[in-house]
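The values are calculated or read from the model by the stated rules, or taken from the named source; none is laboratory data. Here the structure is a predicted model, which means the values were calculated and not measured. Glycine gets a Cβ as well: all are built from the backbone with ideal geometry, and neighbour counts include every protein chain shown.
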Amino acid sequence: MTKRKRTAALIFGLLTALVLLAFAFPFIWMLLASFKTQSQIMSEGQLLFFKPTTHNYTSVFKEYDFLKYIVNSLIIGLGSTLLALLLGLPAAYAIARHHMHKLSLVILVARIIPGITFLIPWFILFSKIHLVDTYTALILSHMLVGLPFIIWIMISFFEALPKEIEEAGLIDGCNHHQVFLRVIMPISGPGVITASLLSFIFSWNNFMFSIILAGDKTKPLPVAVFNFMSYSEINWGALMAAACIITLPVLIIALLAQRYVVSGLAAGAVKG
Amino acid sequence: MYTSWFDRNLKWIYVLPAVIFVLVMMLFPILYTVRISFFEWSMSAITPPKWVGFDNYKTLLTQERFWKATGHTISFTLVAMVLEVILGVAIAMLLSRQFRGKNFVKTVFLLPMVATPVAMGLVWLLIYEPTIGAANMLLKSMGLKPLLWLASPNQALSSLIIVDVWQWTPMIALIVMAGLATIPSEPYEAADVDGAGRWRKFVSITLPLLKPTILVAAMLRLIDVLKTFDIIYATTQGGPNLSTETLNIYGYVLGFQYFKLGTASSLLVLFFGLVMGLTLFMIWMRKRMEGQYD
């Protein structure tokens, strides 16, 4: 019996390790290749053990001016998240408290419609008013991904808050607006963090809207790294270094705020 | 007087900015897309849009390329979705027991979903590279023949399905794991008394109880797989030989490479119809299947 149990535990351990390796492998591969020279990447003898070089990283910053793209991504990500919060929090609160379910349905539709449907009109409109290659156009378009998500997450958060808290605020002489600002907002930290993190990640990762609406001035990271490939011979080491630089911030957010990210994705899931 | 008016209408004041934003950024573009789908226009300032009625739709519906793209979209979506659900449930079952390092595993699971898809597409491009890629090294080390992966019209779509499965199976697994945690232990105790085996318990207790969770997860994937863009555009851009061109990619190419805005718009209207239709079908299925247990 014990022997059987031990074999079962061994099989279980091996399977778990295999699953883990399968999902982690591309990240390991990306990290390794980012420290290799082109010839090391080409050579099968230097898979795991090789003399690492940081040349790829320095060239990404010096030759390709990656700092500019990082700043662009930050401006667009933070700008769209802050604005989406500004519009989304009061809306989510009103929908949650006054059961405006028809409005929440609209939000759901925004999640279902393919984003590309908006791109042609946006492109025409933004070209006409000279907004292509401006932060305004990119922030507005990225908000369309972030805002529905923020409203969606915050509706369930606000619905879960006990009504007594607001009643206490009203008795103390606040009006409804003050209750929202002074009573509800200060205790909504966890919900707001979850919603903001996901909205920021979505913006940081967004490629489809940016590749059309961004230009040389406002190009964010995903577009910049994609343009890397158009050079005649792919410089794999630099490409992987660039991929590492893009992914690192999101991975750090995911690791530090794991609890929030999982609950955010799950909120999108359970209600979806 | 002013404050009481403000307070009474507060809910409308609160939702108004978001509603205006949605109307301007969503509803207007949708209506505009529908309108332009009846015109022929290449964004030129000199030649204005020309009304062509349903010609754009006729062009698409009689075109082999359109139907191929539709086929790619549907097969990519269905295969990826089914694989993700099966693997996700299997992995969730595997990890359902308590063990050391469980949280670490869950953390690793989070990474493929949040990592920038374009960057991951490029990493997979290196993995699939026929001469220096890890995929062929693995095949060779197992004594198998190397493949062309993304470079072959026959293998490219399947290779991209693998990428999507890698990216999104963890989401299904995490959702199912959360669902597993809510299943009560009594049915299992009763099954133990009846002498049911592990597989029997899985089929007769776990699966039926998990069904709602699995259906929701599958529906979420359906909606998103249909719209896959980043990993396809970053790796193959629809090639080789249009073998990975989905409706999303074809619409993009029509609109922003050929500048056939009218045809592109009519494709997007059809694509939108497909996404809505399949989503409604899934919602209907879910209602029907849940109804069985009521």
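Of the helices (runs of 4 or more DSSP H) lying entirely inside segment A:193-269, those carrying at least 1 residues that are modelled with pLDDT under 90 are A:221-227, A:236-256. Based on this model, can you work out whether A:A137 counts as surrounded by 23 or more Cβ atoms within 10 Å (Cβ to Cβ) and farther than 30 Å from A:T247 by Cβ? Spelling it out, it is not the case that A:A137 is surrounded by 23 or more Cβ atoms within 10 Å (Cβ to Cβ) and farther than 30 Å from A:T247 by Cβ.
Filtered by the rule that a residue be within 7 Å of another protein chain (Cβ to nearest Cβ) and either buried (at least 17 other Cβ atoms within 10 Å of the Cβ) or farther than 10 Å from B:V108 by Cα (or both), segment A:11-37 gives A:L15, A:T16, A:V19, A:F23, A:P26, A:F27, A:W29, A:M30, A:A33.
Of the helices (runs of 4 or more DSSP H) lying entirely inside segment B:1-114, those carrying at least 2 residues that are over 23 Å from A:R111 (Cα atoms) are B:2-8, B:10-22, B:55-61, B:64-94, B:102-114. Residue count for segment A:80-123 under the criterion of being at pLDDT 85 or above and buried (at least 18 other Cβ atoms within 10 Å of the Cβ): the result is 26. Any residue in segment B:50-59 that is under 26 Å from the mean Cα position of the chain (by Cα), more than 14 Å from chain A (Cβ to nearest Cβ) and either under 16 Å from A:L125 (Cβ atoms) or at pLDDT 85 or above (or both)? Yes - at least one qualifying residue is present in segment B:50-59.
Taken over segment A:155-188, the criterion of being assigned to a helix (DSSP H, G or I), surrounded by fewer than 17 Cβ atoms within 10 Å (Cβ to Cβ), within 12 Å of chain B (Cβ to nearest Cβ) and touching a helix residue (DSSP H, G or I) at 6+ places or on another chain (Cβ under 8 Å) is satisfied by A:L170, A:H177, A:Q178.
The residue that is surrounded by the fewest Cβ atoms within 10 Å (Cβ to Cβ), among those in segment B:238-285 that are of a type in the set (V, I, T) and under 17 Å from B:E64 (Cα atoms), is B:V253. On inspection, B:V118 fails the criterion of being without any contact (Cβ under 8 Å) to a residue 12 or more places away in the chain, within 25 Å of A:V262 (Cα to Cα) and of a type outside the set (K, R).
Please note which helices (runs of 4 or more DSSP H) are completely contained in segment A:44-154 and include at least 1 residues that are within 13 Å of chain B (Cβ to nearest Cβ), within 16 Å of B:V19 (Cα to Cα) and in contact (Cβ under 8 Å) with a residue 40 or more places away in the chain.
Ranges flagged: A:66-98, A:101-112.
Candidates B:A190, B:A178: the one that is within 12 Å of chain A (Cβ to nearest Cβ), more than 30 Å from B:L147 (Cα to Cα) and aliphatic (A, V, I, L, M) is B:A178.
Only a single criterion out of (1) among the aromatic types (F, W, Y); (2) closer than 20 Å to B:P29 by Cβ; (3) buried (at least 22 other Cβ atoms within 10 Å of the Cβ) is not satisfied by A:W204, namely (2). Would you check which residues across segment B:159-175 are hydroxyl-bearing (S, T, Y) and either more than 9 Å from every other protein chain (Cβ to nearest Cβ) or surrounded by fewer than 16 Cβ atoms within 10 Å (Cβ to Cβ) (or both) and list them? Across segment B:159-175, the qualifying residue is only B:S159. Among the conditions (1) within 11 Å of another protein chain (Cβ to nearest Cβ); (2) among the β-branched types (V, I, T); (3) more than 18 Å from B:L274 (Cα to Cα), the only one that B:I30 does not satisfy is (3).
Residues in segment B:252-268 that are polar (S, T, N, Q), in contact (Cβ under 8 Å) with a residue 40 or more places away in the chain and more than 10 Å from every other protein chain (Cβ to nearest Cβ): how many? The total comes to 2. Residues that are within 16 Å of A:F25 (Cα to Cα) and more than 9 Å from chain A (Cβ to nearest Cβ) were ranked within segment B:121-158; the one that is surrounded by the fewest Cβ atoms within 10 Å (Cβ to Cβ) is B:L138. Looking across segment B:91-101, just one residue is more than 9 Å from chain A (Cβ to nearest Cβ), within 19 Å of B:W166 (Cα to Cα) and surrounded by fewer than 20 Cβ atoms within 10 Å (Cβ to Cβ), and that is B:M93.
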